[in-house]
1. Taking H placed 1.01 Å from N in the peptide plane, check which residues at least 5 places from VAL35 or on another chain put their amide H under 5 Å from its amide H.
2. With θ set to phi - 60° and the Karplus curve 6.51 cos²θ - 1.76 cosθ + 1.60, what are the ³J(HN,Hα) couplings of the stretch 90-100 in order, to the nearest whole Hz, using x for Gly and Pro?
3. Whole Å is fine, so just give me how far the alpha carbon centre of the stretch 117-185 lies from that of the stretch 19-92.
4. Along the charge dipole of the stretch 153-265, which of ASN194, GLY209, CYS173 sits closest to the positive end, that is, farthest toward it, with unit charges on the beta carbon of Lys, Arg, Asp and Glu (+1, +1, -1, -1)?
5. DSSP loop trypsin sites (Lys or Arg not before Pro) in the stretch 4-49 with at most 10 other Cβ atoms within 10 Å of their Cβ, which ones?
6. Given springs between every Cα pair under 10 Å in a Gaussian network model of the chain, which of CYS109, CYS29, CYS248 has the largest fluctuation?
7. What lysines could a cross-link reach from LYS128, if we take a straight Cα to Cα line under 24 Å and drop same-chain neighbours fewer than 8 places away?
8. Divide by every residue of the chain the summed helix terms, -39500 (n - 2.57) for each DSSP H run of at least 4, and state the resulting mean residue ellipticity at 222 nm, rounded to the nearest 500 deg cm²/dmol.
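FYI, it's all coordinate maths here, none of it is from the lab. If you're wondering where the values come from, they're calculated on a predicted model, not measured in any experiment. Heads up, the Cβs are rebuilt from the backbone with ideal geometry, glycines too, and the neighbour counts pull from every protein chain shown.
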Amino acid sequence: MLKYIRDELVSMTDKGNYQTFTSSLIPGCNNIIGVRQPALKKYAKQLVKENEDFRKLLTEPDLYYEETLLRGYIIGMGTAKEKDFDKALEDLKKFVPLIDNWAVNDGFCVEFRIMDKYRQEFLPFLEKCILSEDEFEARAGLIMLLDHYIKVDADGNKKPRMKKVMLEDIGMCGENNKKEEQGMYIDKILLLVNRDFSSNGYYTQMAAGWLLAECFVTFPLDTWRYLTDKENMKLDNVSYKKAIRKICESLTTDDEVKKVVRELA
């Protein structure tokens, strides 16, 4: 990151114990200086506003965790403003290899909002990420699906979570006349997540479980069919159990549904 930006970040460090607190949440990350995320986002927004060519801000390597996260925010905000798919894809390809912890990964993914405009076009790259053996490259692909692809209905409109997932929503309540809601990407998501992530590591497996739990509270019947299709199940056991746990922890899942979901583990 450019020196004047780094100096500004150092001046923004929290004077309390935020550096220690953040370090405790990100094992193995030893270059945290302690800048709060809202301050980082505000600074990124300012930099993008003041610099028409935001990529000129990103020519130097990073020293601190906050610099890499700021880089991700700048790319997310800058590409959303620019609305150029080809340039955004190149930015994405350059940034993903820099990800070495879950916090940078997840902070960047949610901010990469241009993906909402070009979902179909970004899918081939996300598929490549998910098939990677690299822990955070695969996590990036999975979390991008979680942030930008799950909550889309068959017409391409935003689809919120269910208010409550009941037995009838997973087809376990006798005759069910309730119309099944369709999602534009749910089938593709379930296809992509259906692989063994054992060799990727903990943070990929946790992402796979989290992704499936979000699928369940948005499109419960499709996800239930996937989770109960043992014959075609390729997902590793750790990721599968994480999905079950997250589903059962969710306040959206009815207690009766939690009972039958727990029986799958």
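1. So VAL35 has HN proximity to ASP14.
2. 5, 4, 5, 4, 6, 7, 3, x, 7, 6, 9
3. The distance from the Cα centre of the stretch 117-185 to that of the stretch 19-92 comes to 27 Å.
4. GLY209
5. Here the trypsin sites (Lys or Arg not before Pro) that fit, given the DSSP loop and packing criteria, are LYS15.
6. It is CYS29.
7. Cα-Cα hits under 24 Å: LYS83, LYS87, LYS93, LYS94, LYS117, LYS151, LYS188, LYS234, LYS242.
8. Calculated from helices alone, the mean residue ellipticity at 222 nm is -17500 deg cm²/dmol.
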